[in-house]
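Read through the structure below, which is laid out as structure tokens, and then see the notes.
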Amino acid sequence: MSFTDWKTDRIENILPEEFYKLIDKNRNHIGKTFPVTLANSDSQENAENFIAVSKDKERNSEGYYFYARESTTNNLIGYLCVKTIDYRISKCELGYFIDEDYQGKGITSKMVSDALEFCFNELLMNKVFICTSEVNLASQRIALKHHFKQEGILRDEFRNGDGELQNSVYFGLLKSEYIKS
């Protein structure tokens, strides 16, 4: 699969039922790393509320939401959010996942690249960070590929989908270090 086989979509075009379908299909895949999204989208009704809340956050400049769609089927295959925005310090966080069937095809990397462009050039952020579970090596590889620097390990910072506390690895990228890819 190449980049031409998928496209980015925005939250105003996302139907709750298709987001629920993406979450439900990947429940085991993202269960340990996206417990809040999973819990807030564990039914069609909850997914509808999750999308509505996300739309409100975007309208209020509190978060921004990007989705990957497979071009031929138009199915959702990935999700990226810009969250934890602090306009006073000019920093924000990225959270993302890709459908298990589409891993390793460069989609997440391209979504992160596009999100960095958005964060630094449209939101005028000075810093973008990624906090990932210590066991989420794929997410750590994405951070390093985009020139993020590991800034530390936050001990017992994240409660995974099994309810266990895990360390989080904190990666940061300053605008001055940003290399458009």
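The values are calculated or read from the model by the stated rules, or taken from the named source; none is laboratory data. Small disclaimer: the values here were computed from a predicted structure and weren't measured. Positions of Cβ are backbone-derived with ideal geometry, glycine not excepted, and every protein chain shown enters the neighbour counts. Ligands, DNA and RNA are stripped out before the accessible areas are found, and what is left, the full protein with its side chains, is counted by its heavy atoms. Shrake-Rupley method; radii C 1.70, N 1.55, O 1.52, S 1.80 Å.
Couplings 3J(HN,Hα) for region 84-93, derived from phi with the Karplus relation 6.51 cos²θ - 1.76 cosθ + 1.60 (θ = phi - 60°), are 6, 6, 10, 5, 5, 9, 6, 9, 7, 10 Hz, where x marks Gly and Pro. Excluding same-chain neighbours fewer than eight residues apart, the lysines reachable from Lys127 by a Cα-Cα span under 23 Å are Lys57, Lys83, Lys91, Lys110, Lys145, Lys149, Lys175, Lys180.
Note on Ser113 and Ile179: their simple-model spin labels are 1.3 nm apart, each label 7 Å out from Cα toward Cβ.
Amide H contacts under 5 Å for Phe158: Gln166, Ser168, restricted to partners 5 or more places along the chain or on a different chain, H placed in the peptide plane at 1.01 Å from N. Annotation: region 82-142 has a Kirkwood hydrodynamic radius of 12.4 angstrom, from the mean reciprocal C-alpha pair distance. Computed over protein heavy atoms with a 1.4 Å probe, the accessible surface of region 82-181 works out to 53 Å² per residue. Once the convex hull of all Cα atoms in region 44-138 is built, its volume per residue stands at 127 Å³. Shape of region 92-181 from the C-alpha gyration tensor: oblate (a/c of 1.5 or more and a/b not above b/c, with a ≥ b ≥ c the square roots of its eigenvalues).
Using a 1.4 Å probe on the protein heavy atoms, what percent of the accessible area of the chain belongs to carbon and sulfur? With neighbouring chains kept in place, the figure for the chain is 47 percent. With q set to 0.17, 0.23, 0.35 Å⁻¹, the log10 of I(q)/I(0) for region 109-148, from the Debye formula over equal scatterers at the Cα positions, is -0.46, -0.76, -1.20.
Computed over the Cα atoms of the chain, pair by distinct pair, the Kirkwood hydrodynamic radius stands at 16.6 angstrom.
Computed over neighbours whose Cβ is under 15 Å from that of Val135, the net charge equals -1, Lys and Arg +1, Asp and Glu -1.
Using only alpha-carbon positions in region 1-104, the gyration tensor eigenvalues give semi-axes of 21, 17, 14 Å once each is multiplied by 5 and square-rooted (largest first).
Residue by residue, region 46-63 carries 3J(HN,Hα) couplings of 5, 5, 4, 5, 4, 5, 4, 5, 5, 5, 4, 4, 5, 4, 8, 6, 9, x Hz when phi is fed to the Karplus relation 6.51 cos²θ - 1.76 cosθ + 1.60 (θ = phi - 60°); x denotes Gly or Pro. Each Lys or Arg adds one and each Asp or Glu takes one away; over the other residues whose Cβ falls under 10 Å from the Cβ of Tyr65, this sums to +1.
Rounded to the nearest whole Hz, the Karplus-based 3J(HN,Hα) values (6.51 cos²θ - 1.76 cosθ + 1.60, θ = phi - 60°) of region 70-76 follow the sequence 6, 5, 6, 9, 6, 6, 6, with x at glycine and proline.
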